[in-house]
Every structure is written in C-alpha cells, then in structure tokens.
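Reading through the structure tokens given below for one structure.
The values are calculated or read from the model by the stated rules, or taken from the named source; none is laboratory data. Note that the structure is predicted; figures quoted are calculated from it, not measured. Reconstructed Cβ throughout: ideal geometry from the backbone, glycine too, with neighbour counts over all protein chains shown. For accessibility, only protein heavy atoms count, side chains too; no ligands or nucleic acids. Shrake-Rupley method; radii C 1.70, N 1.55, O 1.52, S 1.80 Å.
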Amino acid sequence: MSVPILEMKNITKQFPGVKALDDVSFKVERENIHCLVGENGAGKSTLMKVLSGVHPHGSYEGEIYISGELQEYSNTRDSEKAGIAVIYQELALVPEMTVYENVFLGHEIRRGINININETIKQTVEVLKKVGLDVNPSTKVKYLGIGKQQLVEIAKALSRDAKLLVLDEPTSALNESDSENLLNLLRELKKEGVTSILISHKLQEVISVADKVTVLRDGQSVITLDGHNGEVNEDVLIKHMVGRSIENIYPDREKKPFGDVVFEVRDWSAYDPRRGRNLLEDVNIKLKKGEIVGITGLMGAGRTELALSLFGNPVGYQIKGEMLINGKPVSFSNPHDAIEAGLAYVTEDRKGNGLILIQDVKSNITIANLDRITEGGVINENAEIKDAREYTESLDIKTPSINQKVLYLSGGNQQKVSLAKWLYVQPDVMILDEPTRGIDVGAKYEIFTIMNSLVEQGMSIIMISSELPEILGMADRIYVVSSGRITGELQKEEADQETIMRFATM
Amino acid sequence: MTFFKEIIQLLKKNIRDYGMFIALFVIMAYFAIATDGVFISSRNISNLLNQMGYIAVLAIGMTLVIVIRHIDLSVGFMAGFLGAIAAIALTQWNLPVALVIPLVMIFGIFAGLITATTIARFGIPSFVATLAGWLIYRGALSQATLKTGTIVIPNDSFNALGNGYIPDLPLPNFLPGLHKLTLLLGVVAAVAFVISEISSRKKKMAYDFEVLSKSMFVVKIVFMLLLLGAITYVLAGYNGLSWTAVIVLAVTLIYHFLTTQTYLGRHIYAVGGNPEAAELSGISVNKITYVVFGSMGLLTALSGMLFASRLQSATTTAGTLFELDAIAAAYVGGVSSAGGVGKVTGSLVGAIVMMSLTNGMNLMGIDISTQYMVRGAVLVLAVIFDVATRKRV
Ligand SMILES: Nc1ncnc2c1ncn2[C@@H]1O[C@H](COP(=O)(O)OP(=O)(O)OP(=O)(O)O)[C@@H](O)[C@H]1O
Ligand SMILES: [Mg+2]
C-alpha cells in the first residue's frame, strides 16, 4: 500500500473555553474522495484550518504528514506550496474584482512586470468550463449570486494545480444540478490524480461520492468507513454523527385546518434600477395562518429578491403591487416597518447581512427587538441575559457562553443564532431564506421541529429553499419561481421533484 | 503563587484594555523622572487636564463617528468657527452667557446634521464631505474674524469654562492648603465606584459568568482607589477640580452610559459592526448617521467654546489640526476603522496620552519638530499594538 497523501496524527486544538479538536487522527489515501461529516461544531472546519496553516504550527498539538513528510506550516502560503488548496466555508473572494482577477489573485500570470490579461482570461475561461460556470470572466464578482461565487472559488483552487483539494461545504449554496456537476468534477479530478477532502452536511451526496468517510463528533474522530463495501448509508452516518438515530427527518405535524389569509401580495413587481431590469413580475402569493408555504426555484430565479422586496425593501427596488396583512393593505418604507407589522426575515447570507459577527451571541439575539428589554431607552442587562440564555438553550446553540463573539461559532450554530434573533421578534409571519444551509441533520431536524411548533402556535412561515426534499417534506403548499415569475403553485399532495423542476425551468 | 499567576493571566487576557493604562503610566513615570517631578506637580497635572479638554470632547464624538465607519475632518475649523460665533454673540450681540452656550451648541448640532445630510442622503463618502467642510469652515472662520481680527472675550463667567475652578467649601480652618470640595467629590466617586463594582460582580456571579477571584477583585479595587485617590489629592493640592475637567468628566460619563447601556448605543455599534444586518434588523442606518454626526457637531461646539474660553478670545486660526489630534486620540484609545469597535473611555485615555506627550516634551524643552515625530511614532505604535492584540484568538 502506498504512503497516504495526508496523515494527521493526534491533533488537539484548544480555543479559549472550547476544545475544538481532541486527539484527532485522520488519514487520506491518494486519489480518493474522502468525506468528513459531523454535527455543527464537531470540529471539521477547524481540522481543515489546522491542515491549511490558518491555525499555524505551534497553535495546536500533533503532527501533519504529507506523503510521509512532516509539515510545519506557519501560514496558508506554506500549505499552498505543498499542493493543498482549501475552499473555505466562508467565501474569500474580492467582490469588487472581476472573475478572472479573483481566479488568479495571488498568482497572476505575468509578462515582465505587467499582468498578461489575455492569457489570464483565456485560462480563466478554461477553468470556468471545468467547473461548469458560464459567465463572462470580466464580470465583477459582486454581481454573481452566492452559488456562482462558490464556483469561482472552486475554479480559483483548481487553477493552482492543487494535489489535495479541501472543500468545506462547497455544495451548501448550490442547487441540485450544480451540486451534481461539482461531484462529477471531483470524480474527474480524481482520475487526473487530485485527491479531495469534502466536508458536507448533505449525506446523500456523501454516500454517492465518497471513497472513505470519517465522522467527527465533539472534536473526536469517531470512525472511518469505507465507501465501497456497503457499510455507508444515511442511518449509519446519522447514528455516528449524532450518537442516536433519527427516524424521520421531516417530523410530522398535527393536521389542523388553516386560518384566514394573513399575508398576501398581489401583482407584485420589482425593478432594479442599478441592474436596469425587472427582478419580479406580477407575483401573487397568499399565506394562511398556521401554514408553511414553500418557495422554490433555481438559483437566481429571484426568491431572495422577492423576500427583500417584501421586507421593507432596503435595497431600493422600484415596486409595484399591493401587500395585505390580515386583509388590510400595508406598505413599508423600511425593514423597521415590516418588523412592526409582524414580519421577520431570516436572511440567506448570514455573514453578509444576517449577523454582526464581531458582537456576542447575546447582542445578536436581541438586536432586532431591543424594545423587549429596554425601559426608557436603557437596556435591562438582566433581562437580556435571561432572554438570551433562554433562546440559546431552546435552540440548543453550542457556544461556551452567550458572551462569545458569533464570529467564533461554527457555521450551523451561527445559523441558529440568526434564527433565534428573528424568533425573538415574535413575528406572525416568518420568511426563512435557505434556513438549513450548512446545518447538520440533527440541527435540521431541530429546526423543522421548531418550525412545526411555531405554525402549531399560529405563526405562518414562508420557506425559501432550493432543497427540493425539504420543500416537499415541510411545505403545505409550494410556489415555484422562475425568472422572477411564479410559474407554478402546487398543493403538498400533488407535488414531486419532476413537477417542480418542470415549472422551475419554464 | 497562584495569586501572581492570576495577575499575569489577567494581564495577558485583558492586555488590550489594560495596555493603554500601562502605556499612560509608563509615559507619566518617564516624564516625572525626566522633569524632576515637575510633570506630576499639582499645578502641571491640573494644567494638563485643562489643555486636553477641548481635544478630549472631540475625541469622544469622533469615536462614534469612526465606530460607524466614517470620519470627520471638519471638526477643527468648525470648532474654531463656532468659538468665534460664541465670541461674537457675547461681544457684538451682547447675549448673556447662559443663552450663548446652548445657542452655539444648537448651531453645532445643526452643522453636524448638514454634514450627515451630505453623507446619508446624497451618499458622499464622509472623507470627502468633511474635507469640503474643512475648507468651508476654515473660510467661515476667516470671514467671521475678518473685520476685527482676534475677538477678545471680556466675559469672566464664559472664560471660567477654560480657566476656572469649582468653588471650595467655606471651611478655611479645615485642611488648609487643600481643596475640600474636590476631596469630597473624590470620596463620593470612590464610594460610587466600589458600590458599582461590587454589584456588577454580584450580578455576574448570579449568572455564573466568569469573575475575578476574590483576592484579585480586592487588588483591582484597591488599585483603582489608589489611582483615584492620587488624582484627587494632586488636584486638591492646587486649585481643585477645574470646570473643564468637570465638563470632560460629565461628557465622558454621559457618552459612556449612552454607548454601553442604551438602545441607541446598541444601534450605533450594530451599524458599525454590519450596516446591512443592522438595516435588516430594523435599524435605520441613516438615522444613526444623523444622530452620530449631530452629536459630533454638539461636541465640536463645546470644544470650540472651551478653546475660546481658554484663550479668552476667538482667533483667526483657532481649531487648526484639532481634527487630527482627536482622530489620533481615538485611535490610540483603541477604536478600529473597520467599524463597530471602540470605547469612549478609551478615547479619553488616548487624549490624555497624547496631551501628556506634548506637555511632558514641552517641559523637557524638546523642540516642536521632534515632538511631532514622537507623537507620530506613538500613534503608530499604539495602533500596531491594538491590531496585534486583536488578532490573537
Ligand atoms: N477562532 C475560534 N475561536 C473560538 N472558538 C472557535 C474558533 N473556531 C472554531 N471555534 C469553536 O470550535 C468548535 C468547532 O468549530 P468548527 O467550525 O470546526 O465546526 P464545524 O464542524 O466546521 O461545524 P459546521 O458544520 O457548523 O461548520 C466550535 O465549538 C466553534 O465554536
Ligand atoms: Mg464548518
């Protein structure tokens, strides 16, 4: 047997108040796709940051071997030189730069002291083709959706001839067909001699692509399974990840007749003066009390734009149409009005516009509804601590304390803080935009359970998601969006993947 | 042994918070030795506090401006201009002091709101908007003092703001040579400090948050009391607490309270930390911009009046470079231009650090060109220290 391309031995990594990795050993064979799974906060990203030198040598205990040689990285440049390319969970692109500038950022193709732009663009086109991204390489990255940005990020790693590719939840923002493309890409690359480490919460794709799967739990490596002898299936993975089995990931909900229509938009159109085009055209949506309505469609269909335009329109679209709450016409001039009227919006991009990363868990939870804990403008600290504790516990947010900066929480726990923040507003209508992105199965189940109990208590939910299984599992009624228009409305009973996809591509 | 370990750990963990105090202490100790004690004489310390007053108030306002990711370059000449308005109001319009002070403050707020309008409503970068303000207020100051040149202010109560001291208790035989009211205020402050520390510790323990061990807590209290005692004693040994010091303390306390305890403070730091998230949380970023620049204008007016009062006149160049001193003080005090980080108390200490440097070097007879370079170096060192300690996880 050949020397493994990567071997990490007895890695321990301690943060103040958290032991993120506890004596983890991890071995990756050459030309494999090795998946890393585990609950939120299990230590997956941390392990990869140790590997890539984000956490430099000396800040952790243990040893790293690449092809049998001991490695001591003091920064990410060192690991890049050793042939390791990492795509982090947090995107690391420069929004104001073009696609080709981003792809070759830090290893520009030069001619003398100039950058050879033609050659750069040519190579960018090639590598974009590889990742199946069809955009003009001179587009600024900020104009791309989060899904396309992810692909640029992958192209960037590929352009560096990496031997070991680490992908931290690359598909969490991608729709099914893009995800499938990416997995095929990894299989292709494997044939060309590239080894991949893939972190994912989407167990189906792990099962389909993995040569090996390692499960982390609470900072320890629980087991490594072989993907080829049939020992890997969803139940086994969940059991190792969570430590118990979960019967039905979409928990049942008591069937109750829905109440009156609480929220409605009629002939809703939005024009974006900056992009100079219509984002939404004649959208009609109804939401009844106690109902979960799913909104799905392909990436870029206008779902997030719809949510923003409904939620006080902070981006400044030009809007036509009517919005009714409990049958009465309303209009919001900013998100504050929307919150006052009983709306909440859990954003898709929790780092960009969801959370204040440099602030602690407590302040993030209370920020959208400080009224609840202020008297005469003064914050009642005791009440704030009590409430923040309550929400942290009821959503099972894993954090050493409510005084921890959100920046230091794992992705999934950040998402739960985002949810807690909006539950704290006690809304009547909650818009959830990709609520389970980057969340582990256990936490997904918890979030679905919470959603169920919310609607049972009379809340109404609009759930935007590209994950068809979860839309099918959770929504009572489904709207399909394509190019800014509603192309289909389906009852739960008549919906299936094929029908939805047909409407989504209309 | 564990006791010293805890001290060291505590210092390591809170190096950011304590670093500035340590730096201040080192600077003061150095000047005390280099000037044979003149630097820490009652008279000089009292003088130093009066000198830094008008920068300290600006630095406090600037802190919030930088926290919300903006900058205000116009405050120097705006302060000079508003000081001139105060002088004109007193000497030419013959308005009473009690009216002039609030009136000029209202002008200040108004000026700040105009700045905010260009930024929030028209979307001009604050650097550019306030650079324009710098030019405009410089011109306005020249024009206001064009006919008369320097305007002398013959009003004693106005001039007391920058030069006067609080009255003493009428007890001539009790503790002669010391300012009794200052001592009394010192004692009141000490008691208030101890009570608030104990209650905050109790509260933290009730929520099982981490607290200092008992011995450490006592050490900290004793240390702070000694510091407070020393300052009180030094000030009481001269003329007592000056009106400038009272004003600076009041502004600091009010802003400290606003930023740490209130709704408004939360909103300001939220906007600084992530404007998009703040907007979607129902906070109007524009409104906060107006509030912060309005407050900056108010404090600029105060600063301008303190300066005019100190010189007992409004001069044609009043306010020159104040903005840079204020910005430097804020950065030395630990604000971050990335937004969302910075304490008003830090900026106050920053202002004291910068003014101590000037004052100490003056006493040592170091020439002005060297002084600029030293101050520049300290500014850079302070920010390097800040950035380095911020990175540590
Ligand atoms: N810089 C840091 N400072 C403090 N704690 C940290 C830091 N980075 C990670 N942690 C903590 O270490 C633990 C492991 O986090 P990590 O990000 O590795 O989890 P993960 O397995 O990638 O989770 P997810 O699936 O949610 O992304 C978490 O409890 C997290 O809060
Ligand atoms: Mg992670």
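Here are a few things to note about the model shown:
- Matching residues, segment B:379-393, being part of a helix (DSSP H, G or I) and at pLDDT below 90: B:LEU379, B:LEU381, B:ALA382, B:VAL383, B:ILE384, B:PHE385, B:ASP386, B:VAL387, B:ALA388, B:THR389, B:ARG390, B:LYS391
- Once segment A:140-162 is narrowed to residues that are within 12 Å of A:VAL103 (Cα to Cα) and β-branched (Val, Ile, Thr), the residue that is surrounded by the fewest Cβ atoms within 10 Å (Cβ to Cβ) is A:VAL141.
- Of the criteria (1) at pLDDT below 95; (2) over 22 Å from the mean Cα position of the chain (by Cα), which one A:GLY354 fails: (2)
- In segment A:50-64, the residues that are in contact with a strand residue (DSSP E or B) (Cβ under 8 Å, 6 or more places away or on another chain) and open to solvent by less than 50 Å² (accessible area, probe 1.4 Å): A:VAL50, A:LEU51, A:SER52, A:HIS55, A:SER59, A:TYR60, A:GLY62, A:ILE64
- Set A:MET48, A:MET97: member being away from every other protein chain (no Cβ under 14 Å) and within 16 Å of ligand 2 (Cβ to nearest atom): A:MET48
- Counted as qualifying within segment B:208-309 are the helices (runs of 4 or more DSSP H) with 1 or more residues that are among the aliphatic types (A, V, I, L, M) and within 14 Å of chain A (Cβ to nearest Cβ), namely B:243-261, B:263-273, B:275-280.
Yes/no matrix, rows are residues, columns are (1) modelled with pLDDT under 85; (2) more than 17 Å from the chain's Cα centre (by Cα); (3) within 16 Å of ligand 2 (Cβ to nearest atom); (4) under 29 Å from A:GLU470 (Cα atoms):
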position: A:LEU133; (1), (2), (3), (4): yes, yes, no, yes
position: A:LYS142; (1), (2), (3), (4): yes, yes, no, yes
position: A:SER179; (1), (2), (3), (4): yes, no, no, yes
position: A:VAL222; (1), (2), (3), (4): no, yes, no, yes
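- Any hit, segment B:340-348, residues being within 14 Å of another protein chain (Cβ to nearest Cβ), surrounded by 15 or more Cβ atoms within 10 Å (Cβ to Cβ) and at positive phi: yes
- Matching residues, segment A:269-296, being among the polar types (S, T, N, Q) and within 30 Å of A:SER453 (Cα to Cα): A:ASN284, A:THR296
- Considered as a group, the residues in segment A:184-222 that are acidic (Asp, Glu) and open to solvent by 50 Å² or more (accessible area, probe 1.4 Å) include one that is farthest from A:THR436 (Cα to Cα), and that residue is A:GLU192.
- Cβ-Cβ under 6 Å pairs, at least 6 apart or on other chains, segment B:185-214 side β-branched (Val, Ile, Thr), far side open to solvent by 90 Å² or more (accessible area, probe 1.4 Å): B:VAL211/B:LYS204; B:VAL211/B:MET205
- Whichever residue in segment A:416-441 is within 12 Å of A:GLU348 (Cα to Cα), outside any strand (DSSP E or B) and more than 8 Å from ligand 1 (Cβ to nearest atom) and, among such residues, is modelled with the lowest pLDDT: A:ARG437
- Hits in segment A:163-178 (condition: open to solvent by 10 Å² or more (accessible area, probe 1.4 Å) and away from ligand 1 (no atom under 13 Å from the Cβ)): A:LYS163, A:ASN175, A:GLU176, A:SER177, A:ASP178
- Of all the numbered requirements in (1) crowded, with 23+ Cβ neighbours inside 10 Å; (2) away from ligand 2 (no atom under 16 Å from the Cβ), A:GLY458 misses one, and that requirement is (1).
- Verdict on A:GLU348 being over 24 Å from the mean Cα position of the chain (by Cα) and either at pLDDT 90 or above or not in a helix (DSSP H, G or I) (or both): no
- When segment A:372-394 is limited to residues that are closer than 17 Å to B:THR259 by Cβ and among the polar types (S, T, N, Q), the one that is nearest to the other protein chains (Cβ to nearest Cβ) turns out to be A:THR374.
- Among the residues making up segment A:308-342, those that are at the interface with another protein chain (Cβ under 10 Å from one of its Cβ atoms) and among the hydrophobic types (A, V, I, L, M, F, W, C) are A:LEU308, A:PHE311, A:VAL315, A:ALA338, A:ILE339.
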